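What follows is a short report on a single structure.
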Amino acid sequence: MLNLDTHILLDAFSDQASSREKKILSSQSWCISAIVLWEISKLIQLKRIEVDLDSPEFVNNLAHVHIWPLDLQVARMSTLLDFKSDPADEIIAATSIVHQIPLLTRDKKIRKSKIVPLTR
């Protein structure tokens, strides 16, 4: 299983992932932190992306993705990271640590972490 950050998920859904990412994505099932759904909604609200959350395609794609809740363990871990970022990214990274699932991300701050399990 792979934990996907927000932009990786969006790019995977729109077939915009890089060839390297597509290869990694095709090899395992996907999961996300619940905060990714909030972040997508905010990006839509801010008009940074155009996604129809109610479209059958989006709903069908999302049905195949496991969604991890924001729970006490993840909240605590998000305060113990070895990097500082926006809260959504910290929660996404903490989700990977708590559930011991590699994170697929392009985020340079997260990729420098020594404690977040990452895809290589």
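Observations
- The listed residues are 63, 75, and the only one of them that is of a type in the set (A, V, I, L, M, F, W, C), surrounded by fewer than 14 Cβ atoms within 10 Å (Cβ to Cβ) and farther than 19 Å from residue 110 by Cβ turns out to be 63.
- Taken as a whole, the structure leaves residue 12 outside the set of residues that are part of a loop (DSSP other than H, G, I, E, B), surrounded by 17 or more Cβ atoms within 10 Å (Cβ to Cβ), under 14 Å from the mean Cα position of the chain (by Cα) and aliphatic (A, V, I, L, M).
- Candidates 92, 115, 97 - the one that is modelled with pLDDT of 95 or more, farther than 13 Å from residue 3 by Cα and not charged (D, E, K, R): 115
- Close pairs (9 angstrom Cβ cut-off, 6 or more residues apart or separate chains): loosely packed, with under 10 Cβ neighbours inside 10 Å in region 42-56, modelled with pLDDT of 95 or more and assigned to a loop (DSSP other than H, G, I, E, B) anywhere: none
- Candidates 89, 71, 52 - the one that is more than 24 Å from residue 14 (Cα to Cα) and not hydroxyl-bearing (Ser, Thr, Tyr): 71
- Every listed requirement among (1) in contact with a strand residue (DSSP E or B) (Cβ under 7 Å, 6 or more places away or on another chain); (2) under 18 Å from residue 10 (Cβ atoms); (3) touching a residue at least 40 places away in the same chain (Cβ under 8 Å) is met by residue 101 save one, (2).
- Conditions (1) outside any helix (DSSP H, G or I); (2) surrounded by fewer than 17 Cβ atoms within 10 Å (Cβ to Cβ); (3) in contact with a helix residue (DSSP H, G or I) (Cβ under 8 Å, 6 or more places away or on another chain): number failed by residue 114: (3)
- Of the residues making up region 1-25, those that are of a type in the set (S, T, N, Q) and under 16 Å from residue 111 (Cα atoms) are 3, 6.
- Which numbered condition residue 82 fails, given (1) in contact with a Lys or Arg (Cβ under 6 Å, 6 or more places away or on another chain); (2) within 19 Å of residue 1 (Cβ to Cβ): (2)
- Matching residues, region 96-111, being in a helix (DSSP H, G or I) and within 20 Å of residue 17 (Cβ to Cβ): 96, 108, 110, 111
The values are calculated or read from the model by the stated rules, or taken from the named source; none is laboratory data. Because the structure is a prediction, the values reported are computed rather than measured. Cβ coordinates were reconstructed from backbone atoms using ideal geometry, including for glycine residues, and neighbour counts include every protein chain displayed.
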